[in-house]
Each structure stands twice: as structure tokens, then as C-alpha cells.
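Trainee: For reference, the structure I am asking about is given below.
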Amino acid sequence: MTPLTVDALIGTATSATGLDDLGDLPFLEPLTVLVEALEREAQLDESRRTQVSGTLVGLLVKRLQLVRDRALHPQIAEEVVKAPIIVVGAPRTGSTHLHALLGQDPANRVPLFWEQNLPSPPPERATYDTDPRIAQIEAAVAQMPADLLKRHPVAANRPEQCNLLLDWSFINFALLASYDIPSYRDWLFAADHSPAYDSHRRMLQHLQWRAPGQWVLKYPKHLLALDTLLQTYPDARLVWTHRDPAVVLPSVASLTGYMRSPTPGYDPVRFGREWASLEEMVLRRGLSVRDRLPDPARDHDIHYRDLMRDPIGAIEGVYAQFGMTLSTEAATAMQAWIDSHPQREHGTHRYSAEEFGLSTAGLRRRFSFYSERFGIATEGSA
């Protein structure tokens with residue numbers, strides 16, 4: 001099998017695009033650590049090697065095109081990303097649902113799946129709903145396994161989390177779900193995330209240049225580097241979604257375990273325990289930043305049960321916290337979205353704690369530091 005190398009990946013991307021300027025933001029260190037971890041640790045067969053090679057080349061192409069566009073249009077660099085609303089709660093806490101609802105307000109701007117994957121050239125408001133890239137991404141979504149969509153719904157015109165805004169920095173927690181790469185994981189937890197958030201900000205500038213709006217973003221793993229996020233966006237408003245960890249952790253393990261399962265020797269028990277540790281570390285890091293930088297005006301908490309029982313009421317609480325007005329038009333659009341997107345539209349996602357070497361009682365003990373702090377109600381198994 002042909003080994004993965006940084007030089008070969010860059011060479012393929014530059015040949016495919018005819019571009020060679022990869023920009024001024026550092027990326028070689030994370031890409032090198034990642035490629036070496038994939039080679040040494042991920043046990044890639046030919047199919048997965050081809051897949052990950054294509055993914056990395058695609059990210060380099062994305063980077064080359066973003067740099068090219070920024071050089072062609074210096075106005076992009078003058079764009080100001082003002083006071084974004086960012087949903088930062090743990091995964092599987094209703095954050096995807098909340099993000100989609102907030103995106104129904106015409107005053108808000110959410111990054112859609114199609115434009116995050118294919119951002120070049122910068123999208124335009126006039127053709128935002130008819131851009132041919134939408135069909136291109138819909139065709140790709142149509143090839144996604146039903147079991148994946150059951151766990152995490154995806155559509156070209158649906159809001160997607162910030163992973164795809166910073167993936168071209170190669171500082172990317174999401175890679176840990178698909179590949180067993182402990183050396184990259186260890187590097188990631190100790191790394192400076194500034195280049196990732198510089199990439200994130202530049203991508204938002206790029207997307208809003210000709211299609212402006214008030215950004216509403218979402219990504220649970222912002223908690224890994226919440227201090228860097230707040231350095232990048234000092235005026236950010238944060239929404240923390242909360243749910244019983246005894247339900248959250250098995251659901252997260254089911255989603256990420258599905259992505260990791262092609263790895264030879266995949267053991268759901270070993271993986272579940274590993275992933276629970278990662279989620280605990282990320283949550284503790286995020287809460288430590290919240291404690292160190294307390295700002296009651298910036299942080300707003302929403303409980304999963306409240307969101308699901310009265311989503312419009314929960315959103316009214318967000319708007320009241322941040323001095324915004326929920327218009328009748330926006331509320332009507334949100335309700336229409338709720339009515340047309342039932343909770344299990346792709347089927348029921350079934351999982352249990354035990355299949356991942358976890359237990360309901362053990363998870364509640366382990367995450368009591370979190371549940372007790374926020375008064376999180378317990379739930380039955382999903």
C-alpha cells in the first residue's frame with residue numbers, strides 16, 4: 001500500500017487545483033502529526049486509506065481555494081464577525097435541534113452543510129437557495145448510510161456544526177471519532193488552538209461577505225478550547241444545552257462508535273470507556289473556562305426537557321437573555337420546521353450504556369459534578 005505522506009497529499013491537491021498558496025496560517029504541524037498517527041496507529045486497510053487520503057486532499061483543496069478567494073477579494077478580510085451566538089452544550093443534548101430552529105429566523109445566519117463543504121466561490125445571497133453546489137452535496141448525502149442519518153441528521157440545506165468551519169486547520173477533534181489515533185489525540189489536547197479559530201473566523205468572513213447575517217453557530221467540542229474561542233470572539237454569546245449524562249454518553253458512544261467500527265479489532269466496550277473519558281475531559285475544560293471567565297450576561301442555559309417540551313418558549317428565553325426580539329415571522333417559521341421535522345424522521349436511534357461498558361448509575365456518579373451544578377433531571381433510557 002502506498003504510504004500517506006504530507007508532501008504527496010499537498011502535491012495531489014496543488015495538481016488538482018493549479019494553486020500552490022496554502023496561506024499564512026500554520027497547518028503543517030497538525031497535518032504531520034495526523035498523517036503519522038494515521039500511518040502508525042489507525043490500521044488502515046486499502047479502502048479506508050483511500051478514503052482518508054481523499055478527505056485530507058479535499059481539505060487541502062478547500063484551503064487552497066479559500067486562500068485564493070481571499071487574495072482575489074481583499075474585502076473578505078475586512079468583514080467583522082459581530083457577537084455570534086454559539087451553542088456549546090455537550091453533544092446529544094438537543095443542540096442540533098436548537099441550532100436548526102434558530103436558523104429559521106430570517107434575521108439569523110447559520111452555516112449550512114453545502115456551503116461549509118464547498119465554500120468557494122463565496123456564496124451569494126441572490127443565489128443562496130439555488131446554488132448548484134446544493135444539488136452536488138444532496139447527491140453526496142443520498143449516498144450516506146441510513147444508520148448514520150438516524151444518529152445525526154444531515155442535509156445540504158440544513159445547519160451544520162462548526163467542525164467544517166475549522167477542519168482545514170487540521171486541528172480537528174472530529175477525526176478522533178473515525179480513527180484510532182492516540183498520538184494525534186494527545187497532541188490535540190495539548191495544542192494551541194489559535195490557528196483553528198483563526199481559520200474558523202476567516203471562514204465566517206468568507207461566507208458572510210456576500211450573504212450576511214447574525215451568526216448562530218453550534219459545536220460541542222468548542223468546550224475543548226473555549227478560552228481560545230472567546231479570545232477570537234470576545235463578544236460571543238454562549239448557549240449551554242444540558243441533559244442527563246446517563247442518556248448523553250451512550251448516545252454519543254453509539255454515534256462515534258458507528259464511525260470508529262470499521263477499525264480492525266474494534267471493541268465497543270473499550271471504545272465506550274475511552275470516549276466517556278474524552279467527553280468528561282472536554283466538559284471539565286469548558287466549565288473551568290466558564291468559572292475563570294464568569295459573565296452572567298454571556299452564558300445562557302437550556303435543559304433538554306424544557307427545549308423539547310416548549311421549543312419556542314426556550315428560544316424566547318435565549319432572545320430575552322441576549323436582548324433580541326423573536327418576531328412573529330420567525331416564531332411561525334420555527335413552528336413550521338418543528339411540524340415538518342419529527343424527532344425520529346430518519347428512524348429510532350437505539351443504544352444502551354451496557355453495550356459500551358458503561359452503566360447508568362456509574363455515569364451519574366461520574367458526572368455528578370455537572371448534573372448537580374446545573375440541576376439536571378434524570379431520564380429513562382432512550
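Every number here is computed from the coordinates shown, using simple stated rules; none is lab data. Nothing here was measured: the structure is a model prediction, and the numbers come from that model. Please note: Cβ atoms are built from the backbone with ideal geometry, for glycine as well, and neighbour counts cover all protein chains shown.
Trainee: Assuming R0 = 35 Å, what is the FRET efficiency of residue 15 and residue 127, from their Cβ-Cβ distance, to the nearest 0.05? Present the calculation step by step, with values, prior to reporting the outcome.
Mentor: Numbers: r = 30 Å, r/R0 = 0.85.
Approximately 0.75, to the nearest 0.05.
Trainee: Treating cross-link reach as a plain straight distance, find the lysines whose alpha-carbon is under 25 Å from the alpha-carbon of residue 62, omitting any fewer than eight places away in the same chain.
Mentor: 82, 218, 221
Trainee: Moving on to the next point. Under the rule a/c < 1.5 gives rounded, and otherwise a/b versus b/c splits prolate from oblate, where does the stretch 83-374 land using the Cα gyration tensor? Spell out each step's value before the answer.
Mentor: Numbers: a/c = 1.33, a/b = 1.23, b/c = 1.08.
Because its axes are fairly even, with a/c under 1.5, the stretch 83-374 counts as rounded.
Trainee: Give, in nm to one decimal, the length gained when the segment between residue 284 and residue 365 is fully stretched (0.36 nm per residue of separation minus the Cα-Cα distance). If you can, show how the numbers build up before the last one.
Mentor: Working: separation 81, 0.36 × 81 = 29.16 nm, distance 1.48 nm.
Length gained between residue 284 and residue 365: 27.7 nm.
Trainee: While we're looking at this one, here's another question. Rounded to the nearest 0.05, what FRET efficiency is calculated for residue 227 and residue 325 with R0 set to 45 Å and r the Cβ-Cβ distance?
Mentor: Details: r = 31 Å, r/R0 = 0.69.
So, using R0 = 45 Å, E works out to roughly 0.90.
Trainee: How many nm is it between the label spots at residue 277 and residue 301, if each spot is 7 Å from the Cα in line with the beta carbon?
Mentor: Placing both labels 7 Å beyond Cα along the Cβ direction yields 2.9 nm.
Trainee: Can you check what the net charge comes to around residue 62, using other residues whose Cβ is under 14 Å from the Cβ of residue 62 (Lys, Arg +1; Asp, Glu -1)?
Mentor: In short, +1.
Trainee: Sticking with this structure for a sec: What is the spin-label model distance, in nm, from residue 147 to residue 69 if the labels are put 7 Å beyond Cα along the C-beta direction?
Mentor: 3.5
Trainee: Restricting to DSSP loop positions (anything but H, G, I, E, B) with no more than 13 other Cβ atoms inside 10 Å of their own Cβ, which GluC sites (Glu not before Pro) remain in the stretch 113-199? It would help to have the intermediate numbers written out before the result.
Mentor: Details: sites: 115, 124, 138, 160; in loops: 124, 160.
Those that pass, being in a loop and sparsely packed, are 124.
Trainee: So for 82, 150, 62, fewest C-beta neighbours within 10 Å to most, what's the order?
Mentor: Details: 82 11, 150 18, 62 21.
Listing 82, 150, 62 from fewest to most nearby Cβ atoms yields 82, 150, 62.
Trainee: Placing +1 on the Cβ of each Lys and Arg and -1 on the Cβ of each Asp and Glu in the chain, which of 212, 278, 64 has its Cα farthest towards the positive end of the resulting dipole?
Mentor: Result: 278.
Trainee: Quick one: putting +1 on the C-beta of Lys and Arg, -1 on the C-beta of Asp and Glu, what dipole do you get for the stretch 231-382 around its Cα centre, in Debye to the nearest 20?
Mentor: Details: 18 positive and 20 negative charges, 110 e Å.
Rounded to the nearest 20 debye, it is 520 debye.
Trainee: Can you give the net charge of the other residues whose Cβ lies under 13 Å from the Cβ of residue 165, counting K and R as +1 and D and E as -1? Don't skip to the end; give the middle numbers.
Mentor: Working: positive: 62, 63, 109, 201, 202, 218, 221; negative: 115, 160, 167, 198.
It works out to a net charge of +3.
Trainee: Of 259, 334, how do they rank once you tally other Cβ atoms within 10 Å and put the fewest first? Kindly include the intermediate steps, with their values, before the conclusion.
Mentor: Values: 259 16, 334 20.
In order of increasing Cβ crowding within 10 Å: 259, 334.
Trainee: Considering only DSSP beta bridges where both residues belong to the stretch 83-374, give the percentage that are antiparallel (nearest 5). It would help to have the intermediate numbers written out before the result.
Mentor: Details: 1 of 14 bridges.
Restricted to the stretch 83-374, the bridges split so that about 5 percent are antiparallel.
Trainee: How large is the charge dipole for the chain, taken about the Cα centre, if only the Cβ atoms of Lys, Arg (+1) and Asp, Glu (-1) carry charge, to the nearest 20 debye?
Mentor: Details: 39 positive and 47 negative charges, 122 e Å.
Once rounded to the nearest 20, the dipole reads 580 debye.
Trainee: Hey, another quick one. Convert each backbone phi in the stretch 153-167 into a coupling constant with the Karplus relation 6.51 cos²θ - 1.76 cosθ + 1.60 (shift: θ = phi - 60°), then list the ³J(HN,Hα) values in order as whole Hz, x for Gly and Pro.
Mentor: For the stretch 153-167, the Karplus curve yields x, 9, 7, 4, 9, 9, x, 10, 6, 6, 3, 7, 8, 10, 4 Hz.
Trainee: Could you go through the stretch 301-315 in sequence order and give the Karplus-derived ³J(HN,Hα) for each residue, using 6.51 cos²θ - 1.76 cosθ + 1.60 with θ = phi - 60°, rounded to whole Hz, and x for Gly and Pro?
Mentor: My calculation for the stretch 301-315 gives 10, 10, 8, 3, 4, 5, 5, 6, 6, 8, x, 5, x, 5, 6 Hz in order.
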